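Enquirer: Here it is, the structure, as structure tokens.
The values are calculated or read from the model by the stated rules, or taken from the named source; none is laboratory data. Values in this document were obtained by computation on a predicted structure and should not be read as measured data. Cβ coordinates were reconstructed from backbone atoms using ideal geometry, including for glycine residues, and neighbour counts include every protein chain displayed.
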Amino acid sequence: MATLEEEQTAKRTLVEMSWDPITRIVGSLGIYTKIDFENREVAECYSTSSIFRGYSIFMKGKDPRDAHFITSRICGICGDNHATCSCYAQQMAYGIRPPAMAEWIINLGEAAEYMFDHNIFQDNLLMVDFCENMVRETNPSVWEKAKKTQAPHAADHGYRTIADIMTALNPFTGEFYRETLHVSRYTREMFCLMEGRHVHPSTLYPGGVGTVPTVQLFTDYLVRLARYAEFMKKVVPLHDDIFDFFYEALPGYEKVGERRIMTGCWGAFNDPDVCDYRYENMSKWGRGMFVTPGVVLDGQLVTTDLVDINLNIRILLGSSFYDDWENEETFVQRDPLGNPVDKRHPWNQTTIPRPQKREIHEGGKYSWVMSPRWLHQGNHLALDTGGGALARLWATALAGMVDIGYIKATGNSVKIFLPKTATKPEVEFEWQVPKWSNAIERNRARTYFQAYAAACAYYFVEKALGELHAGRTQTHTPFEVPEEAIGCGFHEAVRGVLSHHLVIREKKIANYHPYPPTPWNASVRDVYGTPGPYEDSVQNTPIFEENGPENFKGIDIMRAVRSFDPCLPCGVHMYLGPGKTLELMHSPMFGVQHA
Amino acid sequence: MAETVPYGMKTQRPPDIPDVHVIWMTGGLGCDGDSVSITAATQPSLEDVLLGAIPGLPRVHLYNPVLAYENGDDFMKYWFRAERGELEPFVLVLEGSIPNEDIKSEGFWAAQGTDPATGQPITIPEWLDRLTPKAAAVVGAGTCATYGGIHAMQGNPTGAMGLADYLGWNFKSKLGIPIVNVPGCPVQPDNFMETFLYLLYQVAGLAPMIPLDDALRPTWLFGKTVHEGCDRAGYYEQGDFANEYGSAKCIVKLGCWGPVVNCNVPKRGWMAGIGGCPNVGGICIGCTMPGFPDKFMPFMDEPPGAKVSSMMSMGYGTLVRGLRRLTNDTVNKEPSWRHRGSQLTTGYRPRTY
């Protein structure tokens, strides 16, 4: 096999190119590649994160009630997802269940977070890669075509041609760019109504919320929600137009950022009617979530069971700056159902940082990100989150369990219903399971999930008002911190799977390991040599950019990476190094020749 | 004879400099929450500043990795140009705390960009050493950059610290401006943009030295405590305390540190006057303070100092509350002369009807 590959690669001329930092994402990420310009594809890719902060270390010995305040600070754009997930884990450990009103308030806050975060990322960060300035710089012929292409949904969004949409996306000067920035503000106001502050909430606690439920609270939210629904009736067709245009203008564009369909979703929006936070019942209440948890492998749904999801998480090392914890303490031998818990499971992880020189090559250590994997039939799968939305819609669609009036999962699609708004009639959008897990479909799913979150929020407002009208306004369940306990929380951060694993001893944190989406997506080559999702989706990405190595922007690579909605407040830096032609390659295993 | 100033130009003095550059480093130990936060600001908004909507401002060029159009080298070139003195003047904003890179033999905790000479990442302290002597002003955005914050918590592995811990509390920029700290976890959006605007005016010669307190915070934003601006402070005065989350009363007994924390959030709200902390049911955990987080943990316990003062207010406040309830009952009733019928009882004596 190795010999064969040697022969295949023997004649390739690869140019080493890197982007560090990658901008317009949250955090610090670097992408290092070797590009085959002759065959117009990326041959190798390494992703690196340049920041270590050490949450799992400094949380040890702290009061577990501080955990959600602290872990919120992991992320500056979806910190509230962490705070929420931490409260879920704490509630399991403390054996409590918040009042229904609190759950609806949290769901409304989290729905606002999805609405805000997907919106600002999509149209103020990611879509800059599709704006007039960028397209003219990287693909002048595509720009010429865009000027001549009528937008199929012009009547819905008001932009006559695809080029008009691209111009509206130019940073700061573009009309639609500025509109979305404005939308990102009132959606954050919706969040602040429910959880006090964005991005680190003030009113969220284990056991519920401190928010005072009033008629004013829900009215203030609802009027903004209606404004957002009106906005989404324009945005979904607008994005469909531009994404469909790329498939049409650049045949083969479905290969950009494509990888095997292997997505994970840990579920979002608990239903207070079924969720009691008891581990023993987790399979049941997990399936009651308004976004269904699930792993989709090669287009098939392989599980919707949170216990199954939990037990098969493995944290591998390989190319990261950490020592192994094989000889450290095992905190949890068995889960509350009696199932054995692996040494490489987050409950049993001990984080031992070892800062060292960065060696970006096969077998080298080059990142502060570890390699989370999901064990399935003996294989450690490098699941990705599809930037969050893709995995959520995919699992929800195939599971076919969500049916709340505003949303219906059909088994192969998700129907989203938005009621009448000021100037637009009611609208139904249908997200169809796509053919590929690629850059365009991750981006398209994000837009549809914005609508999904809005539709859910209509439902949550109705449920919350129902509690209010019935006089059930209690928002918090009191608790005592137990001497010893374990807990786990499962949630969807905006960009994908989020889990928090907690071990309490002597009323203090003995172990705490959060696993946000980016460690999954930005993970590096593990001990088995399996690359992480950014790495393998960039590898084999064809190059459509019209620029040569001299003024190469790497736009197709940027689109592949950004489609995952990278969020490495542990660092993503992309830097376009000077093109350097490497010697003829004799094996795919050679090291990077450092300058 | 004085030069004729055209109509419409008389009221506006042009800035001393046509352009100002802003190098915003997010590479400290942080979460980028402050960059995200400023996109929520409206007073002024980012686009107000960048598109020149504010009178008197020089043209502002912002280089922030969360918002930049460019990538990689195209983006990092501004850092190198600033170092070579080719971006004059520039304001340096740091986000995230500064790890101690001297406590280990190799590797890095936090870095941004790659050193072309070594192929290794350039650490944040190294960037500060390169850029702070050349900056017109140095600004800390958020509590990590200003004082160390969460990542400088006891037991942390990186030895993280804030700007003044690293540069010295007496540091002055080449324009003679001390470090300007805008703490908050994250920074309140308008607090930052307002301070930023002030500094731009100052660099442009349109405002005097920015007034700062001992912790290098703008005095007009951090001169008062949370409690002094909290709309629940009235409950405290009346000795009326919440004993469960979700109550609309004063939450000091549930862990709120508002009476001793310098911050204007309850008064200003989080954005557009909405949200906040104790004013909307969230305990103040002291996130703007140099002692954050350790001196406020465990967050959900009553602050030790509050026990005494709340006891005193309960004695006095219970009495006051009782008396106010009586008055309140009285003023909740309309005067007796508002009624139907053939008699006028308002006190007016009609002479014509």
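Enquirer: Can you tell me which of B:Leu131, B:Leu67 is buried (at least 16 other Cβ atoms within 10 Å of the Cβ) and out of contact with any strand residue (DSSP E or B) (no Cβ under 8 Å at 6 or more places or on another chain)? Walk me through it before giving the result.
Expert: On the way: B:Leu131 fails: out of contact with any strand residue (DSSP E or B) (no Cβ under 8 Å at 6 or more places or on another chain).
Just a single option satisfies the conditions, and that option is B:Leu67.
Enquirer: What is the number of the single condition among (1) at pLDDT 95 or above; (2) more than 19 Å from A:Lys34 (Cα to Cα); (3) assigned to a loop (DSSP other than H, G, I, E, B) that A:Glu492 does not meet?
Expert: Answer for A:Glu492: the failing condition is (3).
Enquirer: Which condition number does B:Ala110 fail, the rest of (1) more than 7 Å from every other protein chain (Cβ to nearest Cβ); (2) touching a strand residue (DSSP E or B) at 6+ places or on another chain (Cβ under 7 Å); (3) buried (at least 24 other Cβ atoms within 10 Å of the Cβ) being met?
Expert: (1)
Enquirer: Also: Checking the condition free of Cβ contacts under 8 Å to residues at least 12 places away in the same chain, among the small types (Gly, Ala, Ser) and within 12 Å of another protein chain (Cβ to nearest Cβ), which residue from A:Ser184, A:Ser202 passes? Let's see the steps before the verdict.
Expert: Details: A:Ser184 fails: free of Cβ contacts under 8 Å to residues at least 12 places away in the same chain.
A:Ser202 is the lone residue from the list that is free of Cβ contacts under 8 Å to residues at least 12 places away in the same chain, among the small types (Gly, Ala, Ser) and within 12 Å of another protein chain (Cβ to nearest Cβ).
Enquirer: Where residues in the stretch A:134-174 are surrounded by fewer than 17 Cβ atoms within 10 Å (Cβ to Cβ) and closer than 17 Å to B:Leu67 by Cα, which of them is nearest to the chain's Cα centre (by Cα)?
Expert: Filtering the stretch A:134-174 for residues that are surrounded by fewer than 17 Cβ atoms within 10 Å (Cβ to Cβ) and closer than 17 Å to B:Leu67 by Cα, the one nearest to the chain's Cα centre (by Cα) comes out as A:Phe172.
Enquirer: Looking at the structure I just gave you, is B:Arg232 within 14 Å of chain A (Cβ to nearest Cβ) and in contact with a strand residue (DSSP E or B) (Cβ under 6 Å, 6 or more places away or on another chain)? Lay out the reasoning, then the answer.
Expert: Numbers: within 14 Å of chain A (Cβ to nearest Cβ): yes; in contact with a strand residue (DSSP E or B) (Cβ under 6 Å, 6 or more places away or on another chain): yes.
Criteria met by B:Arg232.
Enquirer: Go through (1) part of a helix (DSSP H, G or I); (2) out of contact with any Phe, Trp or Tyr (no Cβ under 8 Å at 6 or more places or on another chain); (3) over 17 Å from A:Phe460 (Cβ atoms); (4) modelled with pLDDT of 95 or more one by one and return the number of the condition A:Arg65 breaks.
Expert: All conditions pass for A:Arg65, except number (2).
Enquirer: Check A:Trp368, A:Trp325 and return the single one that is out of contact with any Lys or Arg (no Cβ under 7 Å at 6 or more places or on another chain) and in contact (Cβ under 8 Å) with a residue 40 or more places away in the chain.
Expert: Working: A:Trp325 fails: in contact (Cβ under 8 Å) with a residue 40 or more places away in the chain.
The conditions single out A:Trp368.
Enquirer: Among what's in the stretch B:134-151 and is closer than 23 Å to A:Phe52 by Cβ and more than 9 Å from every other protein chain (Cβ to nearest Cβ), pick the residue that is surrounded by the fewest Cβ atoms within 10 Å (Cβ to Cβ). Don't jump to the end; show me each part of the working.
Expert: Taking the stretch B:134-151 as the starting set, the residues that turn out to be closer than 23 Å to A:Phe52 by Cβ are B:140-151.
With the extra rule that they be more than 9 Å from every other protein chain (Cβ to nearest Cβ), the set shrinks to B:140-141, B:143, B:145-148.
Numbers: B:Gly140: 30, B:Ala141: 32, B:Thr143: 31, B:Ala145: 32, B:Thr146: 31, B:Tyr147: 24, B:Gly148: 27.
Here the residue is B:Tyr147.
Enquirer: Could you please give the count of residues in the stretch B:290-324 that are more than 18 Å from B:Ile251 (Cα to Cα), within 14 Å of chain A (Cβ to nearest Cβ) and in a loop (DSSP other than H, G, I, E, B)?
Expert: The qualifying residues number 2.
Enquirer: In addition: Tally time: how many residues in the stretch A:353-394 are at pLDDT 95 or above and hydroxyl-bearing (Ser, Thr, Tyr)?
Expert: Here the count works out to 1.
Enquirer: Anything in the stretch A:426-443 that is buried (at least 24 other Cβ atoms within 10 Å of the Cβ) and of a type outside the set (A, V, I, L, M)? List them, or say none. First the steps, then the outcome.
Expert: At the first step, the residues of the stretch A:426-443 found to be buried (at least 24 other Cβ atoms within 10 Å of the Cβ) are A:431, A:437-439, A:441-443.
Residues satisfying the conditions are A:Trp431, A:Ser437, A:Asn438, A:Glu441, A:Arg442, A:Asn443.
Enquirer: How many residues does the stretch B:58-84 contain that are in a loop (DSSP other than H, G, I, E, B) and at pLDDT below 95?
Expert: Of all residues in the stretch B:58-84, those in a loop (DSSP other than H, G, I, E, B) come to B:58, B:64-71, B:84.
Filter again for at pLDDT below 95, leaving B:58, B:64-71.
Total satisfying the criteria: 9.
Enquirer: Let me ask another. For the stretch A:140-212, give me every one of the helices (runs of 4 or more DSSP H) that falls completely inside it and has 3 or more residues that are under 30 Å from B:Pro293 (Cα atoms) and not hydrophobic (A, V, I, L, M, F, W, C). Explain how you work it out, then say what you get.
Expert: Values: elements: A:140-148, A:154-157, A:162-168, A:175-195.
Passing ranges, in order: A:175-195.
Enquirer: Report, by residue number, each residue of the stretch A:267-326 that is β-branched (Val, Ile, Thr) and closer than 21 Å to A:Ala399 by Cβ.
Expert: Step one: of the stretch A:267-326, the residues β-branched (Val, Ile, Thr) are A:274, A:291-292, A:295-296, A:302-304, A:307, A:309, A:313, A:315.
Residues satisfying the conditions are A:Val274, A:Val291, A:Thr292, A:Val295, A:Val296, A:Val302, A:Thr303, A:Thr304, A:Val307, A:Ile309, A:Ile313.
Enquirer: Based on this model, can you work out whether B:Phe241 counts as farther than 30 Å from B:Leu175 by Cβ, within 10 Å of chain A (Cβ to nearest Cβ) and either modelled with pLDDT of 95 or more or under 15 Å from the mean Cα position of the chain (by Cα) (or both)?
Expert: no
Enquirer: I'm trying to understand the selection: among the residues of the stretch B:230-264, which are hydrophobic (A, V, I, L, M, F, W, C) and not in a loop (DSSP other than H, G, I, E, B)?
Expert: Quick first cut of the stretch B:230-264, residues hydrophobic (A, V, I, L, M, F, W, C) only: B:230, B:233, B:241-242, B:248, B:250-252, B:254, B:256-257, B:260-261, B:263.
Listed by number, the residues that qualify are B:Ala233, B:Phe241, B:Cys250, B:Val252, B:Leu254, B:Val260.
Enquirer: Mind checking which residues of the stretch B:46-88 are more than 9 Å from chain A (Cβ to nearest Cβ) and within 19 Å of B:Leu163 (Cβ to Cβ)? Break it down stepwise before answering.
Expert: So in the stretch B:46-88, the residues more than 9 Å from chain A (Cβ to nearest Cβ) come out as B:48-49, B:52-63, B:77-88.
The answer is B:Tyr63, B:Trp79, B:Ala82, B:Glu83.
Enquirer: May I ask you to verify whether A:Thr447 is closer than 22 Å to A:Met190 by Cα, assigned to a loop (DSSP other than H, G, I, E, B) and touching a residue at least 24 places away in the same chain (Cβ under 8 Å)? First the steps, then the outcome.
Expert: Working: closer than 22 Å to A:Met190 by Cα: yes; assigned to a loop (DSSP other than H, G, I, E, B): no; touching a residue at least 24 places away in the same chain (Cβ under 8 Å): yes.
No; evaluated as a whole, the condition is false for this residue.
Enquirer: I'd like to verify a number: residues in the stretch B:186-212 that are in a loop (DSSP other than H, G, I, E, B), surrounded by fewer than 22 Cβ atoms within 10 Å (Cβ to Cβ) and in contact (Cβ under 8 Å) with a residue 24 or more places away in the chain, how many? Steps first, please.
Expert: Let us first name the residues in the stretch B:186-212 that are in a loop (DSSP other than H, G, I, E, B), namely B:186-188, B:204-211.
Next, from what is left, pick out any that are surrounded by fewer than 22 Cβ atoms within 10 Å (Cβ to Cβ): B:204-211.
This time we only want the ones that are in contact (Cβ under 8 Å) with a residue 24 or more places away in the chain, so: B:204-206, B:209-210.
Residues flagged as in a loop (DSSP other than H, G, I, E, B), surrounded by fewer than 22 Cβ atoms within 10 Å (Cβ to Cβ) and in contact (Cβ under 8 Å) with a residue 24 or more places away in the chain within the stretch B:186-212 amount to 5.
Enquirer: Here is a further query. Among the residues of the stretch B:254-298, count how many are among the aromatic types (Phe, Trp, Tyr) and surrounded by fewer than 24 Cβ atoms within 10 Å (Cβ to Cβ).
Expert: So the count comes out to 1.
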